[in-house]
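Participant: Structure provided below as structure tokens; questions to follow.
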4 protein chains.
Amino acid sequence: MSVRVGVIGAGVMGADHIRNLHSVVPGATVTAVADVDATRAAGLAAEVGADGIIDPYALISRTDVDAVVVASHDSTHAELVLACIEARKPVLCEKPLAATVAECSTVVRAHEAAISGGIPLVTVGFMRRFDPGYVELKHTVSSRAVGDPLIVHCSSRTVTSGPGGDSEATITNSAIHELDTVPWLLDSPVVEVSWHATRASQRTAHRRDPQFMLIRTESGVLATVELFLNAGYGYDIRCEVVGEDGASRLAEPVRTLTDHALQHGHSYSKDWVPRFADAYRLQLGEWIGSITEGRTSTLASARDGLQASVVAQALITSMHSGGRTVAVESPF
Amino acid sequence: MSVRVGVIGAGVMGADHIRNLHSVVPGATVTAVADVDATRAAGLAAEVGADGIIDPYALISRTDVDAVVVASHDSTHAELVLACIEARKPVLCEKPLAATVAECSTVVRAHEAAISGGIPLVTVGFMRRFDPGYVELKHTVSSRAVGDPLIVHCSSRTVTSGPGGDSEATITNSAIHELDTVPWLLDSPVVEVSWHATRASQRTAHRRDPQFMLIRTESGVLATVELFLNAGYGYDIRCEVVGEDGASRLAEPVRTLTDHALQHGHSYSKDWVPRFADAYRLQLGEWIGSITEGRTSTLASARDGLQASVVAQALITSMHSGGRTVAVESPF
Amino acid sequence: MSVRVGVIGAGVMGADHIRNLHSVVPGATVTAVADVDATRAAGLAAEVGADGIIDPYALISRTDVDAVVVASHDSTHAELVLACIEARKPVLCEKPLAATVAECSTVVRAHEAAISGGIPLVTVGFMRRFDPGYVELKHTVSSRAVGDPLIVHCSSRTVTSGPGGDSEATITNSAIHELDTVPWLLDSPVVEVSWHATRASQRTAHRRDPQFMLIRTESGVLATVELFLNAGYGYDIRCEVVGEDGASRLAEPVRTLTDHALQHGHSYSKDWVPRFADAYRLQLGEWIGSITEGRTSTLASARDGLQASVVAQALITSMHSGGRTVAVESPF
Amino acid sequence: MSVRVGVIGAGVMGADHIRNLHSVVPGATVTAVADVDATRAAGLAAEVGADGIIDPYALISRTDVDAVVVASHDSTHAELVLACIEARKPVLCEKPLAATVAECSTVVRAHEAAISGGIPLVTVGFMRRFDPGYVELKHTVSSRAVGDPLIVHCSSRTVTSGPGGDSEATITNSAIHELDTVPWLLDSPVVEVSWHATRASQRTAHRRDPQFMLIRTESGVLATVELFLNAGYGYDIRCEVVGEDGASRLAEPVRTLTDHALQHGHSYSKDWVPRFADAYRLQLGEWIGSITEGRTSTLASARDGLQASVVAQALITSMHSGGRTVAVESPF
């Protein structure tokens, strides 16, 4: 009675999902892996006893595939998710839902037409919603333990941005996590944004880095977002909510503290893998559980995916117009 | 191909194992639950689609039970584990392995005779070996990042000792975690111990609390162990290894930090459940995985269980003889 | 050979200076205290064996006053500092140097004319420059231990704003510390600012609170400044400098950590007194030392005081023009 | 009206006192410096405008010396303090009060005879009593914020023990701070001790290092003391008091936190100078203040100095008799 999952995309993220579904998440079996690189697909598939294929549409239509994970290139998301909707199979699409706002809108419309108020098929992998730290922070906010939220501070710093990618990609691929997390934490959509340059790091010529953004929710809360992809020192994600009666923030996810060579402290991880391992595991667990039980999951919805893309687009507009404040307009 | 597990004991600990096996650990199905309280057994069994029965020996011999978790009263452990050995079924026995050193020895002898050098059937639930913090600490020690270990400090503080239990039980039920953890961390058995009273807490008349112990490993390292069951302020487990070149310790397992009412800090949990949730999950996962793959697991062995009981016994001897230093003698 | 100091203003801040000069700072004697409230002046004067008077100008001209501390109402600063310049007596003026940019300019011009390149008479009490935390942070930045600075985050949260005061006063009286600290830390003046509203705290009707500001230095660094006077939870001053190679920030100034009632943490102070006691002591010590030794002190200069006021004025302009970016223009 | 101080001993500790008295502590003037090394005495004396001499007894009898600091070799303490008592001049003697318990007793008897119930002349430099962290911890204990104290944990780790010194010196020179601090914190004398070896560090052949001690107060509290002089990683002093209702401990004295090269944390100092700078300054300030005001100071008394030596002696006895528990017997 295991849910039989097909995974599209066998890159770093897809491989992580495949291994999690195979050995960490209960109730799931990976039956098929599709990748443009047949060797890569075959290798990963063999690891978990699945079939490795090239064609993702073939994967979606297989009778031994009950549900689909889309972890392929961003540009393919929309078409693949539409095919899953067509096949009426639950799909977990890695963020972003689609490469453009227009594509996101198309997906959302098709999805809503297909389910007509029933249990959604499409979910989006904003896994921070499942990180135990963010969950505890959201609980603190909802419980009003720090009073009405007034201001939020976020920063996402990573070791390096890697090759490729431009200033816009910093927003659509990285800041997009904050663009989903902030309205989720505060239960209020983002209505206004502005983008602000900082002195540029010499570590990258490809894009402005760091970047600083202000986003304002419908409830009036100002959230600050610093994105620094080439921070060098470590993978470091922070979030603080300041309310009328106090403030609460993510603690550093640390397991041991070490004293050595006149220093006390802890190590940073180099990337998201250890930092968000629990979040990815718990997200997949909830997704599989919701399919098994035939209920709506608590994952980010297609609308959430669209909304984050709309906010990202407004930030890009601000970036290209001297940092002016830009209103976020919902497409429908 | 799921491992079909029968769980004996449907108290707090057994219930936790049952729910973990059902919904968090991949590859397992709970098929039977046995408890002296038939209603309790039936209730939990119904929750996971298993049969609830009274007789634990009947459970062990069921054909739909591949492996057994023993989480019943300490006094029953030896007989139940012996029955599992007899039935040649893998068994995860909650600590302690048995109520007395003599019983532990009987179990170890029977077990070793039964497997004659093959893959062990018996494992003991010293789950701290799977806590990510302890694992990281052990890795730091083994990697010699802090040099040769010289001294270790442990403390286990809990909110309350609850009703019942005497001074000896503090050692055999609570300190026993440290009695396993220290030699595991240092890869050297405990050879000498002494027990030391402190000023007694007024919160309990049943037992000396807190208690302080010194244990020395074969490698010469002195470990200090403070057990304070009625510490009141929170569930707080600490461990620090001090070496030639540095020191490393468990960080407080904290997810968020809050500022409120002139205070900054984090909350403690009231009991072990959130603190060691990952450890229990990972221990069960490794146990099920080892059964599926037909290999020796990395759980504590029957010998480890015996060894911890022998050290506990030496501490009780020291307690009853004015805190003198007592040598730990292995029974065979 | 003690420096004989007259203190103008016997309110909270003046009283603090008087007691510090009397019992904590070596080399100084308080000989006169002036306050509009004669009783208050007399009381404090008696405490340290000084004369209590009303007229501040009389104090400045006394032959037993070698140097003057101005801690009276902001509106009096300019005239009193001008009188000290006239009398050629060293003066430590509490921030702000004067109530308006125009007055600050007048003071700076008069001062520079009077000393014509010699040792300055006027210093401004931006005491954070003497806080050991800020000093260590500045050393980290200058030593390039975190590489070229790219972005700075500051926040100043206090328990309550008290009665009176408007939105502008938040900038000229409170944020002004950051307006001095940031260019001092980075060794580059502020050239551009913008002001941003947040959702308003219900705790005050008098002013927008919290407020958020962006200030940019000539070197291109963006600094974010959050001012939240009615934060309620404690007196909490933060500053972080993010550079190409790392980040460094003020630690919380904590002496003990306490576990109690399911909480771990430390207490906040209610106001600046314990937080900046060392800074005030060290600032006065340096001031007295520089007078004794006849050298230029390391305190903030009159120009620094002017510059901070100019930046504050630009922020107020931004506040009143929809948060647009405003260039900081030096008056001469 | 400054207190004119003569300082005996111009080594590291004496130099520190001289500079503190000259430039950090109000109300004092250093008028004479005595050292067996005439050049060293002259150099330091010149720095502060004092006379540099060789003969400490000549220093004590100078008419321009009102009070004396004894910071010379331990073996000279008793004779010099006796000479100060003879001259009826207040003396701050660095710990230990004298090299042996017998000498300490002689000093205490002579002192008590000389002052016959009046204001003491002799104080001992247990400066940790003035460290703001220890002061806050003592306040927490006295206020009963953590309930009746039950157990205390202390550790003192330093970078290196330097040349010379034996296992006994670890107790009489280093652990002696804890031997004073614990009874001061708990307001109860030490009545019983035991000494315990650990695996020995390879960094020193001169002495056992680390060492572990148990000391028990009259009130029944057990205190654990770890001394590790060659800890290598940094100068790190810890103290925690565990009570019926909670626990409180010294926070690490940290001013900034830095992220760099995959590490987060803070630096340790190499020695006591930055760690206890405030304690030394505040101790000297209180000493000078008490002399100026003609009152008993809050410094450790001659009896406190004797008591710490008696406890140290008991620990040495335990060390030489297999770690057995030794009762602390007061000499009179």
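FYI, it's all coordinate maths here, none of it is from the lab. Keep in mind it's a predicted model, so treat the numbers as computed, not measured. Cβ coordinates were reconstructed from backbone atoms using ideal geometry, including for glycine residues, and neighbour counts include every protein chain displayed.
Participant: Determine the percent antiparallel among the DSSP beta bridges restricted to chain B, to the nearest 5.
Facilitator: Taking every DSSP beta bridge with both residues in chain B, the antiparallel ones total about 55 percent.
Participant: Work out the charge dipole of segment A:159-234 with +1 on the Cβ of Lys and Arg and -1 on the Cβ of Asp and Glu about the Cα centre, then indicate which of A:217, A:194, A:164 is farthest towards its positive end.
Facilitator: Farthest along the dipole direction, towards plus: A:164.
Participant: Residue A:332 label points, 7 Å along Cα→Cβ, one per copy: pairwise distances from this copy to the rest in nm, shortest first?
Facilitator: Result for residue A:332, in nm, nearest copy first: 6.6, 7.7, 10.0.
Participant: Follow-up question, since we're still on this one. With everything on Cα atoms, drop me the angle between helix B:302-319 and the longest principal axis of chain B, reported from 0 to 90° to the nearest 10.
Facilitator: 40 degrees
Participant: Further question on the same structure: Where both residues lie in the protein assembly as shown, what percent of DSSP beta bridges are antiparallel, nearest 5?
Facilitator: 60 percent
Participant: Test of understanding: extend the Cα→C-beta vector of residue A:202 to 7 Å, then name every residue of segment C:143-172 with backbone N under 20 Å from that spot.
Facilitator: C:143-152
Participant: Determine the calculated [θ] at 222 nm for the protein assembly as shown from helices alone, applying -39500 (n - 2.57) to every DSSP H run no shorter than 4 residues and normalising by the residue count; nearest 500 deg cm²/dmol.
Facilitator: Mean residue ellipticity at 222 nm (helix-derived): -10500 deg cm²/dmol.
Participant: Which Cα, out of B:260, B:230, B:288, lies furthest along the positive dipole direction of segment B:186-332 (beta carbon charges, K/R +1, D/E -1)?
Facilitator: Final value for the positive-end residue is B:230.
Participant: Over chain B, what relative contact order in percent results from Cα pairs under 8 Å that are six or more residues apart?
Facilitator: 19 percent
Participant: To the nearest 20 debye, what charge dipole does the protein assembly as shown have about its Cα centre, counting +1 at the Cβ of each Lys and Arg and -1 at the Cβ of each Asp and Glu?
Facilitator: The dipole magnitude comes to about 0 debye.
Participant: Positive end of the charge dipole of segment A:1-110 (Lys, Arg +1 and Asp, Glu -1 on Cβ, about the Cα centre): tell me which of A:77, A:54, A:41 has its Cα farthest that way.
Facilitator: Farthest along the dipole direction, towards plus: A:77.
Participant: Now a separate question. Under a crude label model (7 Å from the Cα following the beta-carbon direction), how far is residue A:261 from residue D:188 in nanometres?
Facilitator: 4.5 nm
Participant: Continuing with this model, one more query. 7 Å along Cα→Cβ for the label point: how many nanometres lie between residue C:294 and each equivalent label in the other copies, listed shortest first?
Facilitator: Spacings between copies for this position, smallest first, are 3.9, 9.6, 9.6 nm.
Participant: Measuring from a point 7 Å past the Cα of residue D:76 along Cα-to-C-beta, which residues in segment D:36-60 have an amide N at less than 16 Å?
Facilitator: The answer is D:36-45, D:51-60, whose backbone nitrogens lie closer than 16 Å to the label point.
Participant: Ok, one more. Scan chain D for the residue whose Cβ is closest to the axis carrying it onto chain A, then write down that distance in whole angstrom.
Facilitator: Residue plus distance in Å, as requested: D:265, 1.
Participant: Any idea what the dipole of segment C:147-260 comes to, in debye rounded to 20, about its Cα centre with Lys/Arg Cβ at +1 and Asp/Glu Cβ at -1?
Facilitator: 560 debye
Participant: Mark the label point 7 Å from the Cα of residue C:144 along Cα→Cβ and return the residues of segment C:155-196 whose backbone N is within less than 17 Å of it.
Facilitator: Flagged as within label range: C:186-188.
Participant: With an 8 Å Cα cut-off and a minimum separation of 6 or more residues, compute the relative contact order for segment A:112-192 in percent.
Facilitator: 36 percent
Participant: Give, in nm to one decimal, the length gained when the segment between residue B:38 and residue B:54 is fully stretched (0.36 nm per residue of separation minus the Cα-Cα distance).
Facilitator: The span from residue B:38 to residue B:54 would gain 5.2 nm if fully extended.
Participant: In what sequence do B:95, D:89, B:270 fall when counting other Cβ within 10 Å, fewest first?
Facilitator: B:270, D:89, B:95
Participant: Here is a follow-up. Multiplying the sequence separation of residue A:292 and residue A:330 by 0.36 nm and subtracting their Cα-Cα distance, what value in nm do you get?
Facilitator: Roughly 10.4 nm would be gained on extension.
Participant: With contacts defined as alpha carbon pairs under 8 Å and 6 or more residues apart, what's the relative contact order of segment D:64-171 in percent?
Facilitator: For segment D:64-171, the relative contact order is 21 percent.
Participant: Obtain the nm distance between the two label points defined at residue B:87 and residue D:19 by a simple spin-label model: each point lies 7 Å from its Cα along the Cα-to-C-beta direction.
Facilitator: 7.6 nm
Participant: Distances in nm, one decimal, shortest first, from residue A:73 to the same residue in every other copy, taking the label point 7 angstrom along Cα→Cβ.
Facilitator: 6.8, 7.1, 8.1
Participant: Another question, if that's okay. Assign unit charges at the C-beta atoms only (+1 for Lys and Arg, -1 for Asp and Glu), then state the dipole size of segment D:1-122 relative to its Cα centre in Debye, rounded to the nearest 20.
Facilitator: 260 debye
Participant: State, to one decimal in nm, how far the label point of residue D:12 lies from the label point of residue C:114, with both points 7 Å from Cα in the Cβ direction.
Facilitator: Taking the two extended label points, one gets 4.7 nm.
Participant: May I ask you to sort A:64, A:209, D:245 by Cβ crowding, counting other Cβ atoms within 10 Å and putting the fewest first?
Facilitator: A:64, D:245, A:209
Participant: Taking chain D as the reference, fit the longest principal axis to its C-alpha atoms, fit the long axis of helix D:101-115 to the helix C-alpha atoms, and give the angle between the two in degrees, 0 to 90, nearest 10.
Facilitator: Roughly 50 degrees, rounded to the nearest 10.
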